[in-house]
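Okay, structure first, notes after.
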Amino acid sequence: AAPQGPPVYVDLAYLPGSWSARTVDEEFFRRVRSLCYVVSGDDHLKEGVLRALLDALLAGKHHWGSDIQVTLIPTFDSLVMHEWYQETHERQQELGITVLGSNSTVAMQDETFPACKVEF
């Protein structure tokens, strides 16, 4: 266990993928407090721990004790993400968590891809 200390506040945090995603738990979200969390890495390893990671966000954010709004930005489409969103939507609203969808696309040089604009 890491030594206790004050939380760290950042504007944007990328959540680790692959095997490192297993290190993201409730304590991580208690200590690393971000306005935006990016969930990237559409791989089978992350899919297996995605629900636990998302639940840890809810549990950790509960302990912040402030009205800080959080935006969760998934960079891939996932059935696990959709199910979690539906099942915990009311709790997300209580905690001030917004999940951005991937409805926007950007077209560049004959190529289109999903995109999200984040402003601070």
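The values are calculated or read from the model by the stated rules, or taken from the named source; none is laboratory data. Please read all numbers here as calculations on a predicted model, not as lab measurements. Note: ideal-geometry Cβ built from the backbone for every residue, glycine included; neighbour counts use all protein chains shown. Keep in mind that these areas ignore ligands, DNA and RNA; they rest on the heavy atoms of the full protein, side chains included. Shrake-Rupley method; radii C 1.70, N 1.55, O 1.52, S 1.80 Å.
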Next item on the list: Report, by residue number, each residue of segment 83-106 that is outside any loop (DSSP other than H, G, I, E, B) and modelled with pLDDT under 90.
Entry: Thr105, Val106
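Whether any residue in segment 66-74 is over 20 Å from Pro7 (Cβ atoms) and either at pLDDT 85 or above or part of a loop (DSSP other than H, G, I, E, B) (or both) is what I want to check.
If we filter segment 66-74 for residues that are over 20 Å from Pro7 (Cβ atoms), which is where we start, we get 73-74.
Right, trim to either at pLDDT 85 or above or part of a loop (DSSP other than H, G, I, E, B) (or both) and you get 73-74.
Checked segment 66-74: at least one residue is over 20 Å from Pro7 (Cβ atoms) and either at pLDDT 85 or above or part of a loop (DSSP other than H, G, I, E, B) (or both).
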Notebook entry, point to check: Of all residues in segment 1-45, how many are at pLDDT 85 or above, open to solvent by less than 70 Å² (accessible area, probe 1.4 Å) and part of a loop (DSSP other than H, G, I, E, B)?
Noted result: 2
